[in-house]
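Visitor: Have a look at the structure that comes next, please.
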Amino acid sequence: MELDNMKQMWQKLDETIERQNIMNEKLIRNMMYERTGNAVRILSNTEHLGFITGVLLLIVLLSQVNKMDGSTGVIISYVFTLIIGVASTIFGWYKIQILSKLNIHEAPVAQLTEQTERFRMMIIKERLIFIILGPLLIGAFYIVMTKMVNGIDVFDNIGVIWPKVLFATVLYIVILLGVYNQYYFRNIRQIKKSLDEVKAFLKN
Amino acid sequence: MNQIKSQQEDAFIKLMQEHQKLVYKVVNLYAGDAEERKDLFQEIILQAWKAYPRFKAQSSVGTWLYRISLNTAINHKRSQKHKQVTVYPDVLDHAAVFYLPDDKKEEYLLLQKMIEDLPRLEKALVLLYLEDKSYKEIAEIMGISPSNVGTKLSRIKEQLKRKAQLLTQ
């Protein structure tokens, strides 16, 4: 059977579907207000949550600037955390703007698919950067929070802290290596393949 | 305000009932199993309802609904934890193909399976072709030129024909 033959039968199935009357009024009304797993909506909710968290964290950090007196190490950690916080929040806002333009209702199919896949690739690469910066981020945040909450400068007790930091970093790297290929590279490969498919489709 | 909303709901329900075939076919082509079909069906209705107040008939209803259905189907992420409240009719679990005569059923199912295995954008293209849409309409929905539609469909037809010949040898 070729596609052209299938076309005739396909049209005949319309009558069968109409007879079955799948969509009664009650069913449609229920469906209008229930939620399921739409990829774009999930992304959007995640980014909104991330943005709000970022803003709250920045507010807390900025309100505690007076406590960040002490060793150079504390100041550098504070500035580093602040820079990452600001960059992350601004980037979060940028992502929300991109997502708001993913118009599932009006965008042509191929274009929306391409935009969605590009966005997903951006997210994955962002997460990769955070993973790589992980030990630095965790360390800096720990130093800042210890100073903020307990008033303790960890650099005054560096001999005690370093073994813990070293252990945490080694553990982090071991877990990271395990997670990397399993999750992130597999996702990047998959998204790249999807993007290549879309680009091939859009080419004449 | 409630009256306007209620009128809008009624108009939307009527529209979906008139075009239920369209949604049903997209769902059957893109969803792998019964659970996914129900999930996707619901998501399409939800997306269409969200878009309905903004629909200003700049394109036909069919074009508008195809775009939403295909965009939703292609970007649908299967919900792992979703607990379905709505009771769906069993008919969603049964492909309408079983109403075809026996001698045509097997060939039809084979071709349908090959179409399901196509990349998702090519699948959309074939679906619109089977729905007897013009190249111009297909181009408008998919976001490519009408000539590109023709080229791609020829290529897909050849590909499916060769594959079918290999499988039936």
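The values are calculated or read from the model by the stated rules, or taken from the named source; none is laboratory data. On a predicted model such as this, the values are computed, not experimentally measured, just so you know. Quick reminder, even Gly has a Cβ in these numbers, built from the backbone with ideal geometry, and neighbours come from all protein chains shown.
Visitor: Got a sec? Which helices (runs of 4 or more DSSP H) wholly within segment A:109-204 have at least 3 residues that are surrounded by 17 or more Cβ atoms within 10 Å (Cβ to Cβ)?
Guide: A:109-132, A:134-145, A:186-202
Visitor: If we keep just the residues of segment B:102-157 that are within 21 Å of B:Thr168 (Cβ to Cβ) and loosely packed, with under 14 Cβ neighbours inside 10 Å, which is nearest to the other protein chains (Cβ to nearest Cβ)?
Guide: Only one residue tops the list, namely B:Glu106.
Visitor: Can you confirm whether segment B:22-41 contains a residue that is buried (at least 20 other Cβ atoms within 10 Å of the Cβ), basic (Lys, Arg) and more than 20 Å from A:Glu15 (Cα to Cα)?
Guide: So far as segment B:22-41 goes, yes, one or more of its residues are buried (at least 20 other Cβ atoms within 10 Å of the Cβ), basic (Lys, Arg) and more than 20 Å from A:Glu15 (Cα to Cα).
Visitor: Quick one: would you say A:Gly70 is at pLDDT 90 or above and either under 30 Å from A:Ile143 (Cβ atoms) or among the acidic types (Asp, Glu) (or both)?
Guide: No.
Visitor: Within segment B:17-76, which helices (runs of 4 or more DSSP H) (wholly inside it) include 3 or more residues that are farther than 14 Å from B:Leu127 by Cβ, facing chain A (nearest Cβ under 9 Å) and not aliphatic (A, V, I, L, M)?
Guide: B:34-51
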